[in-house]
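Reading through the C-alpha cells given below for one structure.
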Amino acid sequence: MTTAKTKTLAADGQAPAVPIPRTSTLSSARTRRLGLTVLGWAIACLIFFPIFWMVLTGFKTESAAIADPSLIFSPTLESYAEVQLRADYFKFALNSVVVAFGSTLAALLIAIPSAYSMAFLPTKRTKGTLLWMLSTKMLPPVGVLVPIYLLFRDVGLLDTRTGLTIVYTLMNLPIVVWMLYTFFKDLPKDILEAGRMDGASTLQEVVFLLLPLTLPGIASTGLLSVILSWNEAFWSLNLTSSNAAPLTAYIASFSSPEGLFWAKLSAASTMAIAPILVFGWLTQKQMVRGLTFGAVK
Amino acid sequence: MATLQLNQVTKSFDDTHVIKGVDLEVNDKEFVVFVGPSGCGKSTLLRMIAGLESATSGDIMIDGTRMNEVGPADRGLAMVFQSYALYPHMTVEDNMGFSLRLAGVDKEQRRDKVREAARILQLEPLLDRKPKALSGGQRQRVAIGRAIVRNPSIFLFDEPLSNLDAALRVQMRIELARLHEELDATMIYVTHDQIEAMTMADKIVVLQGGVVEQVGSPMELYHHPRNRFVAGFIGSPKMNFLPVEVVEADAEGVRVRLPGGGVTKVPVEGRDLRPGTALELGIRPEHLVLDDDQGPLSGDIQVLERLGGQTSLYVQMDDAMVTIMADGDVAHRVHDKVRFGFESGRAHLFDSDGLALPSLELHPLAGLRRQDNRAATDVNGA
Amino acid sequence: MGQIMTKTRAAGRTVGGLRTLSLQAPAVTLLFLWMIVPLAMTVWFSLQRYNLLMPEMTGFAGLENYRYLFTDPALWAAMGNTLLLVGAVLAITVVGGTLLAVLFQQEFPGRGVARVLAISPFFVMPTVSALVWKNMMMHPSNGVLSWVAESFGLPAVDWFSSLPLTSIIIIVSWQWLPFALLILLTAIQSLDDDQVEAARMDGAGPVAIFFFITLPHLKRAISVVIMIEMIFLLTIFAEIFVTTSGGPGLATTNLAFLIYIQALLDFDVGMASAGGVIAIILANIVAIFLVRMVAKNLES
C-alpha cells in the first residue's frame with residue numbers, strides 16, 4: 001500500500017547527482033550504480049521498517065502478533081473493529097485536525113507582521129528579539145505545567161480545543177517567526193520598494209507582493225507547524241481529558257492496559273499516524289522546496 | 001512642469017555621514033546624471049528624492065513644494081531599479097498596471113494606458129509573459145514601461161543598465177535618449193559609468209564621499225574640470241597626471257617645467273604662484289601626440305593595444321605611467337622608446353589641494369547641452 | 001558601497017521604530033506573557049511549601065526546596081542524563097544525516113521513494129514510535145531485534161533493563177535522523193555543480209570533495225539542525241514516559257521527567273517548581289551557546 005502511494009508522490013526532479021568520474025569504465029560505473037541502489041534501498045527500508053512492521057501487525061490476530069516475526073499471515077481487520085468499539089477514532093482525529101491547523105493558522109497570522117518588520121524594518125534590537133523568541137522554546141514545558149494548568153482551570157480552558165490551540169500557537173510561534181524571517185529576508189528589497197513607489201500601503205505590499213512571492217516558504221513553515229502540533233504529546237496529555245483530546249491522547253489511552261495486545265495497539269497506532277504520514281508524504285516536496293528558499297539554503 | 005530642488009540635504013546613519021549637504025537644481029525636462037564611484041552616495045541621494053530614504057536635514061522640493069514628509073507614491077515620481085524589481089508572479093501587463101490597480105483605476109483605462117506604454121517600448125507582443133520568460137533587455141524595458149504608465153513628472157533611474165551586456169547597453173542608452181525626447185519629462189539618472197553620463201546627460205552631477213564635486217554640462221566637465229577628481233573621473237581612458245614645477249607665472253599663463261626638463265606654458269590663471277611651486281599637470285591620453293623628433297616627454301612603451309582605428313600606448317616615464325591614444329597605424333612596438341608632447345592649451349594644472357587653476361579662455365563647446373545639439377540638427381533638417 | 005548600503009538599511013529605518021513596534025507587538029507580547037507569567041509563578045511556587053498531599057503545610061519556604069534538590073542525587077543524575085541524551089542524539093543524527101544526505105543525493109532507481117521512506121519517521125508521533133520500539137522492536141522475548149539476534153545464535157538483549165539510556169537514544173535518534181536528513185538533503189541540493197566540477201578538475205576524489213566542498217557548504221544547515229533539535233531534545237518527555245518511566249532507578253530520568261515525577265506523582269508543587277527553575281536555568285545556559293552559533297548564521 002505504501003509503495004503504490006509513494007511512487008506517485010515522490011517522483012522527483014532534483015538536480016542530477018555527482019556525475020561519474022571520467023576515468024572509470026562503463027562497467028565500473030554500472031557496479032557503482034548497483035551498489036548505490038542496494039545501499040540506498042537497504043538503508044531506507046531499515047529506517048522505515050518499524051513503521052512497516054507496525055502497520056503489518058495491525059492486520060494480524062493477537063496470537064500471530066506475538067508469534068515469531070513472519071511476513072506470511074492471513075490479514076484481518078479484527079483489531080481495527082475492536083479498537084473502534086473502544087474509542088471513537090474520528091472524534092480524536094477531528095480534534096487533532098482542528099487543533100493542528102487552527103494553531104498553525106493562528107501562528108502564521110501573528111508571525112507574518114512580526115517577521116515582516118524584522119526582515120524589512122530591522123533595528124538594533126531585531127536580532128536580540130528573534131533570539132529571545134527562540135530561547136522561549138527552550139523552557140521545558142514541564143517546568144511551567146503547574147501554573148499553566150492552574151490558569152487554564154481558572155479561566156475554563158482545560159479540555160477545550162481553544163485552550164490546546166492557544167498552547168500550540170504559542171509553542172510554535174518562535175519557530176514560525178524565525179522561518180518566515182529567513183524567507184522574507186531573502187526577498188529582494190527592491191521589489192517591495194518598487195511596490196511602495198507604485199503606491200502600495202504596507203498591507204498591500206504584504207498581500208500583493210510579499211505573500212505571493214514567499215508562498216513556498218510560508219507553506220513549508222505551515223507544514224512543519226502542523227506536523228509539530230499533530231505530534232505534540234505533553235500538553236495534550238496534561239491539558240485535555242475527553243472533549244478536546246487529540247490523537248496523541250487517543251494512542252496513550254491504549255498504551256498501558258493494552259500494552260500486551262500488540263495487534264490492537266498497532267491498529268490504533270496506524271490510525272493515529274496515518275493522516276499525518278500521508279500528509280507528510282504528500283507535502284514533503286513542498287517542504288523541501290520551501291526550505292531551499294530560506295533557512296538552509 | 002517638473003523641477004527639483006535640493007537645499008542643504010544631508011543623510012547620516014548613526015555616525016556615518018553619507019550625504020554631506022547637497023544643493024542642486026534640476027530644471028524642467030532636464031536629463032540629469034548623478035555619477036561617481038561606488039559608495040559616493042549617489043544612490044542614497046536618488047533614494048532620498050524617491051522617498052525611500054528620509055533626509056536627515058535639508059529640503060527636497062518638487063515644483064516648489066517641500067516633499068520631505070510625503071510618501072514615495074505621492075511625490076509624482078517613478079523609479080527604475082538596477083535589478084528592475086519586476087514582480088515575478090505577475091505578467092508584463094500586470095506589472096505595468098500595478099500602480100494603476102492600487103490607485104483604483106478601472107480595467108479599461110488601465111488596459112489603455114498599459115497598451116500605450118507598451119507601444120512606445122515595443123512591448124506589445126510580450127504583455128502576457130511573466131518576467132522569467134524575458135531577456136535582460138526586455139525586462140529593462142518593462143521596468144521602464146512600469147514607470148511610464150504612472151505618468152510621473154520626474155523619472156528616476158538607479159543604474160538601470162548595469163546588468164546588461166555591453167552591446168545591449170549601447171542600444172538601451174540610445175533608446176533612453178529617444179525616450180527622453182518623446183516623453184519630454186524630467187529624468188534623473190544614477191550611474192557609475194562616465195560614458196553613460198557623458199552620452200545622455202544635459203547636466204552631470206559628480207559626487208564623491210557624499211559631496212558634490214562639480215555640476216555642469218558634459219563638455220564643461222570634460223574641458224573645465226573643477227578639480228583633480230573630476231578630471232580623472234570624466235573621460236576615458238583616464239587623464240594622465242605629471243608632477244611639474246612652476247618656472248614663471250604671469251597674466252597669460254603659467255610656465256612649468258615638465259619631467260625630463262622641457263618647459264611649457266599653460267594658459268591658466270595663476271599669476272600669484274611663486275617659481276618652484278610643485279603642481280600637477282593633467283593631460284588626457286587623446287591629447288598626447290607622438291613626436292619622435294622634439295617631444296618634450298619620453299618613456300618606454302610597456303603595453304600596446306591596437307584597436308584598429310586607434311592604438312593605446314602605455315608608456316613608463318621616469319616617475320609616472322602615462323596612456324597615449326594614438327593613431328591606429330603607428331608603427332611602434334613594445335619596449336620602444338618614444339617621445340611625445342601636447343598642445344599646451346589642452347593641459348590642466350592642479351594645485352596641491354587638487355583644485356584646478358581656472359582656464360583663461362572658455363572652451364567653445366563648454367556651454368553646449370544635449371538639447372542644443374538637438375535643436376541644431378532640427379535646424380539642419382529644416 | 002555594499003557596506004554603506006547595509007548600514008543604510010539597518011539604521012535608516014529606526015525612524016520607523018513605531019511601525020516596527022506595532023507590527024511586532026502581537027508576537028512579542030504573547031510570547032512574553034507565555035514566558036513570564038508561568039515563569040513568575042514557577043519561581044514563586046519554588047519558594048513555597050506547597051504539597052498537594054499535605055495541604056496543612058504551607059507558607060514561605062525560602063530556598064529550602066532548592067537545598068533539598070541540590071542535595072538530592074537524582075538532580076545530578078537527571079542533569080547528566082539530559083546532557084548525555086542531547087549530546088548522543090545530536091551526534092548520531094548530524095553525522096548520520098550528513099552521510100545519508102550524500103547517499104540520497106546520488107542518482108539511483110527509485111531514489112524518490114527511498115527518500116520518502118527514510119524521512120517517514122519524522123511524521124510519526126513520539127508516543128507511537130516509543131510504543132512501537134518498546135513492544136515490537138526491543139521486546140526481550142517477542143521483539144524483532146531479539147528474534148534477529150536469536151537467528152544469528154546470539155543471546156537476546158533485554159534492552160530497557162540492561163541498556164536503558166542507549167535504548168532511549170536509539171528511539172529518539174530514529175525519530176530525528178529523518179529531520180536532519182530532510183534539512184541537509186535540501187541544503188546539499190543547493191551546492192553549486194560548478195564547484196564540485198572545479199574540485200574534480202583539481203584532482204579531488206569523492207572523499208576530498210566531501211570534506212572540502214560538501215561539508216563546508218553544509219555548515220549553516222548543520223547549525224540549523226542542531227539548533228532546532230536541541231530545542232526539542234532538551235525537553236524530551238513522551239519517549240521516556242511511555243517506555244521506561246525514567247527507570248530502572250534513575251537511569252533514564254532527564255530533567256523534564258524528574259520534574260514530572262515530583263509534580264505529578266509526588267504532588268510536591270514547590271519542589272517541582274524548584275526543579276523547573278533549575279531546568280530553565282540549564283536551558284538558558286545551553287541557549288547562550290546556541291544563540292552565539294545561530295547569531296553568526298543570522299549575519300549572513
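I need every pair where a residue in the range B:41-63 that is closer than 19 Å to A:Glu193 by Cβ and within 14 Å of chain A (Cβ to nearest Cβ) has its Cβ under 7 Å from the Cβ of a residue that is among the acidic types (Asp, Glu) and assigned to a helix (DSSP H, G or I), sequence separation at least 6 or different chains. Between residues of the range B:41-63 that are closer than 19 Å to A:Glu193 by Cβ and within 14 Å of chain A (Cβ to nearest Cβ) and residues that are among the acidic types (Asp, Glu) and assigned to a helix (DSSP H, G or I), the close pairs are B:Leu52/A:Glu193. Taken together, A:Leu203, A:Leu187 contain a single residue that is more than 10 Å from chain C (Cβ to nearest Cβ), surrounded by fewer than 23 Cβ atoms within 10 Å (Cβ to Cβ) and assigned to a helix (DSSP H, G or I), which is A:Leu203.
Criterion applied to A:Asp159, A:Asp154, A:Asp186 was being of a type in the set (Asp, Glu) and touching a Ser or Thr at 6+ places or on another chain (Cβ under 7 Å), and the one residue passing it is A:Asp159. Could you check, for the range B:142-165, whether at least one of its residues is more than 24 Å from B:Val105 (Cβ to Cβ), away from every other protein chain (no Cβ under 14 Å), of a type outside the set (S, T, N, Q) and surrounded by fewer than 15 Cβ atoms within 10 Å (Cβ to Cβ)? The answer is yes; a qualifying residue exists.
Pairs are defined by a Cβ separation below 7 Å, a sequence spacing of at least 6 or placement on different chains, a first member in the range C:160-178 that is over 19 Å from C:Glu229 (Cβ atoms) and at pLDDT below 90, and a second member that is aliphatic (A, V, I, L, M) and surrounded by fewer than 21 Cβ atoms within 10 Å (Cβ to Cβ); the pairs so defined are C:Leu163/C:Val157; C:Pro164/C:Ala251.
For B:Asp128, the conditions (1) in a helix (DSSP H, G or I); (2) without any contact (Cβ under 8 Å) to a residue 40 or more places away in the chain; (3) touching a Ser or Thr at 6+ places or on another chain (Cβ under 8 Å) are fulfilled apart from (1). Filtering the range B:231-244 to residues that are crowded, with 16+ Cβ neighbours inside 10 Å and either in contact with a helix residue (DSSP H, G or I) (Cβ under 7 Å, 6 or more places away or on another chain) or assigned to a strand (DSSP E or B) (or both) leaves B:Phe233, B:Ile234, B:Gly235, B:Met239, B:Asn240, B:Phe241, B:Leu242, B:Val244.
Residues checked against (1) out of contact with any Cys (no Cβ under 7 Å at 6 or more places or on another chain); (2) farther than 27 Å from B:Gln5 by Cα; (3) β-branched (Val, Ile, Thr):
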site	(1), (2), (3)
B:Val70	yes, no, yes
B:Gln82	yes, no, no
B:Leu102	yes, yes, no
B:Lys113	yes, yes, no
B:Ala117	yes, yes, no
B:Leu126	yes, yes, no
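Taking the listed residues B:Pro72, B:Pro88, the one that is farther than 19 Å from B:Ala201 by Cα, without any contact (Cβ under 8 Å) to a residue 40 or more places away in the chain and in contact with a helix residue (DSSP H, G or I) (Cβ under 6 Å, 6 or more places away or on another chain) is B:Pro72, with no other qualifying. Checked against the criterion of being among the hydroxyl-bearing types (Ser, Thr, Tyr), assigned by TED's automatic domain parsing to the domain that holds C:Ile226, in contact with a helix residue (DSSP H, G or I) (Cβ under 7 Å, 6 or more places away or on another chain) and buried (at least 20 other Cβ atoms within 10 Å of the Cβ), the candidates C:Thr93, C:Thr42 yield just one match: C:Thr93. Remark: A:Ser103 falls outside the filter, which requires a residue to be at the interface with another protein chain (Cβ under 8 Å from one of its Cβ atoms) and part of a helix (DSSP H, G or I). Taking the criterion of being at pLDDT 80 or above and part of a loop (DSSP other than H, G, I, E, B), would at least one residue in the range A:42-50 satisfy it? No, there is no match, as no residue in the range A:42-50 is at pLDDT 80 or above and part of a loop (DSSP other than H, G, I, E, B). Checked against (1) surrounded by fewer than 19 Cβ atoms within 10 Å (Cβ to Cβ); (2) more than 12 Å from chain C (Cβ to nearest Cβ); (3) not in a loop (DSSP other than H, G, I, E, B), A:Asp159 meets all criteria but (3). When B:Gly145 is tested against (1) farther than 30 Å from B:Asp23 by Cβ; (2) part of a loop (DSSP other than H, G, I, E, B); (3) touching a residue at least 40 places away in the same chain (Cβ under 8 Å), just one condition goes unmet, and that condition is (2).
Within the range C:237-262, being of a type in the set (A, V, I, L, M, F, W, C) and under 21 Å from C:Pro73 (Cβ atoms) holds for C:Ile240, C:Leu250, C:Ala251, C:Leu255, C:Ala256, C:Phe257, C:Leu258, C:Ile259, C:Ile261.
Per the conditions (1) more than 26 Å from A:Glu205 (Cβ to Cβ); (2) not in a helix (DSSP H, G or I), the sole criterion not satisfied by B:Phe155 is (1). The conditions of being modelled with pLDDT under 80 and not hydrophobic (A, V, I, L, M, F, W, C) are not met by C:Pro109. Condition test on B:Asp300, is it in a loop (DSSP other than H, G, I, E, B) and in contact with a strand residue (DSSP E or B) (Cβ under 9 Å, 6 or more places away or on another chain)? No, not satisfied.
Among the residues examined, A:Leu211 qualifies as within 14 Å of chain B (Cβ to nearest Cβ), surrounded by fewer than 19 Cβ atoms within 10 Å (Cβ to Cβ) and among the aliphatic types (A, V, I, L, M). Tell me, which residue of the range A:42-52 that is among the hydrophobic types (A, V, I, L, M, F, W, C) and crowded, with 18+ Cβ neighbours inside 10 Å is farthest from the chain's Cα centre (by Cα)? Here the answer is A:Ile43.
Taken together, the residues in the range B:119-138 that are touching a helix residue (DSSP H, G or I) at 6+ places or on another chain (Cβ under 7 Å) and either under 14 Å from B:Leu86 (Cβ atoms) or within 13 Å of chain A (Cβ to nearest Cβ) (or both) amount to 10.
For B:Val170, the criteria (1) crowded, with 18+ Cβ neighbours inside 10 Å; (2) β-branched (Val, Ile, Thr); (3) more than 22 Å from B:Asp94 (Cα to Cα) hold in every case but one, which is (1). Screening C:Met125, C:Met201 for residues that are more than 24 Å from the chain's Cα centre (by Cα) and within 11 Å of another protein chain (Cβ to nearest Cβ) leaves exactly one candidate, C:Met201.
Restricting attention to the range A:54-80, the residues that are in contact (Cβ under 8 Å) with a residue 12 or more places away in the chain and either touching a strand residue (DSSP E or B) at 6+ places or on another chain (Cβ under 9 Å) or not in a loop (DSSP other than H, G, I, E, B) (or both) total 12. Could you grab me the full set of residues in the range C:192-221 that are buried (at least 21 other Cβ atoms within 10 Å of the Cβ) and either outside the structural domain of C:Gly276 (by TED's automatic domain parsing) or assigned to a helix (DSSP H, G or I) (or both)? Across the range C:192-221, the qualifying residues are C:Thr214, C:Ala221. Restricting attention to the range A:207-217, the residues that are in contact with a helix residue (DSSP H, G or I) (Cβ under 6 Å, 6 or more places away or on another chain) and part of a helix (DSSP H, G or I) total 3.
The values are calculated or read from the model by the stated rules, or taken from the named source; none is laboratory data. Here the structure is a predicted model, which is why all the values come from computation and not from measurement. As a convention, Cβ positions derive from the backbone with ideal geometry for all residues, glycine included, and neighbour counts pool all protein chains shown.
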